[in-house]
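Take a look at the structure below.
The values are calculated or read from the model by the stated rules, or taken from the named source; none is laboratory data. Predicted model, so just to flag it, every value in this text is computed and none were measured. Methodologically, a virtual Cβ is constructed for each residue, glycine included, from the backbone with ideal geometry; neighbour enumeration extends over all protein chains shown.
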Amino acid sequence: MTGNERRVSLYAANQLYVDARIGASGNLVFEGQDLSRGEYEYFVSVRPEEIPLVVAALGGTPEDDVLDLLARHGEEIVRFGEMRWLKAQGIDPGFSSFV
């Protein structure tokens, strides 16, 4: 993350922490850290051209900020599962993880 990237918290409970940000390449990135059994980190990414699908799924308009919308709906998305929620919107997200 560079110093000028904005990040919003989507979920922080039960040793699970999930944030969202717009990366340098314009991708929307969900970053998760699960500390419940050791440490597991994961990253789910959405290509810039698919971000309007996320905005629309959250009831937003093209003028709305995707991070603001995600912050308002973060808990429900995380509880549903970020990958599963994105796929339900017709988005094929990228995924990477490490322990």
Cβ-Cβ under 9 Å, sequence separation 6+ or interchain: first residue in the range 83-99 and farther than 15 Å from residue 28 by Cβ, partner assigned to a strand (DSSP E or B) and small (Gly, Ala, Ser). Which pairs? 97/32
Any residue at all in the range 76-94 that's loosely packed, with under 12 Cβ neighbours inside 10 Å and either at pLDDT below 95 or in a loop (DSSP other than H, G, I, E, B) (or both)? yes
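In this structure, does residue 56 turn out to be more than 13 Å from the chain's Cα centre (by Cα), farther than 18 Å from residue 85 by Cβ and either part of a helix (DSSP H, G or I) or not β-branched (Val, Ile, Thr) (or both)?
On the way: more than 13 Å from the chain's Cα centre (by Cα): yes; farther than 18 Å from residue 85 by Cβ: no; either part of a helix (DSSP H, G or I) or not β-branched (Val, Ile, Thr) (or both): yes.
No: the conditions fail for residue 56.
Let's see how each residue does on (1) surrounded by 11 or more Cβ atoms within 10 Å (Cβ to Cβ); (2) closer than 19 Å to residue 84 by Cβ; (3) free of Cβ contacts under 8 Å to residues at least 40 places away in the same chain:
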site	(1), (2), (3)
16	yes, yes, no
19	yes, yes, yes
22	yes, no, no
29	yes, yes, yes
34	yes, yes, yes
42	yes, yes, no
46	yes, yes, no
Taking into account only those residues within the range 59-75 that are surrounded by 17 or more Cβ atoms within 10 Å (Cβ to Cβ) and either at positive phi or small (Gly, Ala, Ser) (or both), which is nearest to the chain's Cα centre (by Cα)? 74
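Considering each residue of the range 17-29, count those that are aliphatic (A, V, I, L, M) and over 14 Å from residue 44 (Cβ atoms), and give that number. Before the answer, list the steps.
The first filter runs over the range 17-29 and keeps only residues aliphatic (A, V, I, L, M), leaving 18, 20, 22, 24, 28-29.
Next cut, over 14 Å from residue 44 (Cβ atoms) only: 24.
Within the range 17-29, residues that are aliphatic (A, V, I, L, M) and over 14 Å from residue 44 (Cβ atoms) number 1.
Please go through the range 5-22 and give me each residue that is at pLDDT 95 or above and not charged (D, E, K, R), ordered by number. Explain how you work it out, then say what you get.
Of the residues in the range 5-22, the ones at pLDDT 95 or above are 7-13, 15-22.
Selection gives 8, 9, 10, 11, 12, 13, 15, 16, 17, 18, 20, 22.
In the set 36, 97, 45, which member is of a type in the set (Gly, Ala, Ser), farther than 19 Å from residue 14 by Cβ and either touching a strand residue (DSSP E or B) at 6+ places or on another chain (Cβ under 8 Å) or in a helix (DSSP H, G or I) (or both)?
The match here is 45.
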